[in-house]
Amino acid sequence: MSPAPREAVIALVDCASFYASCERVFDPRLEDRPVVVLSNNDGCVVAMSQEAKVLGVPMGIPWFKLEPVAATQGIVARSSNYELYGSLSARVMEVIGRHAAWQEVYSIDESFISLRGTVEEVIQAGRRIREDVARCTGIPVRVGIAPTKTLAKVALLGVKRSAPLSRVGVCHFGAYSPTQRDTILASIPVTDLWGVAGRLGRRLANLNIHTAADLAAQDPGQMRRRFSVVLERTVRELRGTPCIPLEEEPRQYKDQLIYSRSFSEPVTTTPAMRQVLSIYAQQLASRLRNAGQEARVLTAWASTSPFATDQEPHSPQISAVLPVPTAEPVTIARGSLGLAELIRPGTRYVRAGVVLTDLRPAGQAETLPGLGPPGEGRNLGPTLDAVVARFGVGSVGLGYGGLGTPPSWQMRRAMLSPRATTHWDELVTVRL
Amino acid sequence: MLATEVRALAEGLGEQLRTRVNDGVVEAGFPSPSQDYTTAEIDLTDHLMPNRASTYLVRARGHSMTGAGIWDGDELVVDRSIRPQHGHVVIAVLDGELTVKRLRIEADRVVLSSENPAYPDIAVPSLSDLRVWGVVTVALHHVSRTS
């Protein structure tokens, strides 16, 4: 008998209820309890543990609606602790990466890796990854394995469906017979597939394509002509042909950058709005520069609460074409400040944002002497970043964003757990 | 990601070799004797927490482990990649709390022992009942509080 083939396969490693799991690492009392994590300013539920899902807590429910019943159901709420989640994500990804020659970090809680071996060997490798990540970081992960990325996601759905709370957490698509595979694909709605969003799902439903099996049965060329090359790849991948390679590098160049936040307290004056916009602009400039990009078009907007009944709704917006593509903070701040002149003083605005579009790699445009942005050549962006890195967010800012009283509209995180891995003063206490 | 690192490493090495040829041998004639000794300053994290991804820092409160050299207010380095063994100082989960004790695995029982006569040991019914959160490798004790 010939030895079983040692095929190259793709594993999708996914953190189970990542935000809630992070909250549990330093607070074991939360284990087995329903945990929900709230959005910026403790607005609504953006993540929850499996126990909370079982209770039927709807994703996105505003906290003020859930709060009255939370205590009686034993639900624990936490503000979003982005510092902690980012830190633990980096640790999880590093430990996963040790198990594979190739790794693509797909999101804060998902990573594709390549593995090679017989079905049994690869399943064993998946179990080792689970054990290693849980021991080293405290975060539970699940592993879906298949010949293609799309099927690896299908295998992962299998893990989640079969026993969400159990300790079994590895599924290899190749471990099933062809008949069983067809049954699995027929059980998966097409909109659960990787890269098939809601609108595309509705268009497919019109063609009587409802499940992954329906889609796999389509002619790939026809899917490309009717829809896109992306959907053609999905069809081929469902049939077991790898079409979407592992991306080693993080996807570098994005099409747009957005910085938008709800305020903890409404902003009602032009000076306060200027302060908001200056700070947002500084944040965006920093992100843009870190991505090695420049922006040409800027849009800034603000809005009132859709729930407020005692005032006229107002959502002013401005767009500006910047003089040259730039990541320079002064230019971006100036571009966005025009919005502050459009607000109606006294009206309560609850949210604002700045969006940069028409992005391109930095350093491509030539500037005539004297026509460049005011901060250009003075290294302003890197200097601001260096000061912020050393002394913390809010230690230095542009113009309106810089001095004076700390803004009252900053993020509310009333139920924030300690930022235990990034802040020396917030280390978790252990009992002696 | 690994391949990226390898590439970065290879490029870094190539750069070093080039630099050495240009600075040391070919142009200057004699290599500077000090340049072979160029190295980075000691970084405490390299020595105290070699496994960054699996190491957490916590702050200790209480008095039950003075015999092990752990005092109230010390910071502890916890390396979760280490498999707990008899004799390790560990952080165990007791009633949902993270608790520091010495792990003693004996023939007929498992004990989480205190290292201060004023505090009791805690008997664990069996190894399977024990949840170890991590192994404490280092205690940082401040001897002159300057601020």
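Brief remarks follow.
- Sites A:A197 and B:R109, calculated FRET efficiency, Cβ-Cβ separation with R0 51 Å, nearest 0.05: 0.35
- Virtual paramagnetic centre 7 Å along Cα→Cβ of A:E131, amide N under 15 Å, in region B:59-101: B:81-84
- Portion, in percent, of the accessible area of region B:47-140 that falls on carbon or sulfur, probe 1.4 Å: 51 percent
- With a Förster radius of 41 Å applied to the beta-carbon distance between B:E41 and B:Q85, the computed FRET efficiency rounds to 0.75.
- Estimated FRET transfer efficiency (A:S319, A:A362; beta-carbon r; R0 25 Å; 0.05): 0.70
- Largest first and in whole Å, the equivalent-ellipsoid semi-axes of region B:47-140 read 20, 16, 11, each the square root of five times a Cα gyration tensor eigenvalue.
- When the convex hull of its Cα atoms is projected in every direction, mean area for region A:34-127 (nm²): 7.6 nm²
- Number of partner chain Cβ atoms within 10 Å, mean per residue of B:58-71: 3
- Cα gyration tensor shape of region A:189-237, rounded if a/c is under 1.5, else prolate or oblate by comparing a/b with b/c: rounded
- Contour excess over end-to-end distance, with Cα ends at B:D121 and B:D95 and 0.36 nm allotted per residue: 7.8 nm
- Cα centroid of region B:71-134 to Cα centroid of region B:38-66, whole Å: 19 Å
- Size-normalised alpha-carbon gyration radius of region A:73-193, reference 2.2 N^0.38 Å: 1.13
- Distance distribution note for region A:113-253: the fraction of Cα pairs above 19 angstrom is 54%.
- Entries in A:K160/B:K101; A:K65/A:K160; A:K53/B:K101 that, when Cα-Cα distance is taken, lie over 31 Å: A:K160/B:K101; A:K53/B:K101
- Region A:85-144 and region A:281-341 have Cα centres separated by 38 Å.
- Set of region A:33-69 residues, backbone N closer than 17 Å to the point 7 Å along the Cα-Cβ line of A:E265: A:41-42
- Between the residues A:A217, A:L204, A:L193, the greatest Cα displacement towards the positive end of the dipole of region A:176-251, with unit charges on the Cβ of Lys, Arg, Asp and Glu, is found for A:L204.
The values are calculated or read from the model by the stated rules, or taken from the named source; none is laboratory data. Not measured: the values here are computed from a predicted model. Positions of Cβ are backbone-derived with ideal geometry, glycine not excepted, and every protein chain shown enters the neighbour counts. The accessibility values were calculated without ligands, DNA or RNA, using every heavy atom of the protein model including side chains. Shrake-Rupley method; radii C 1.70, N 1.55, O 1.52, S 1.80 Å.
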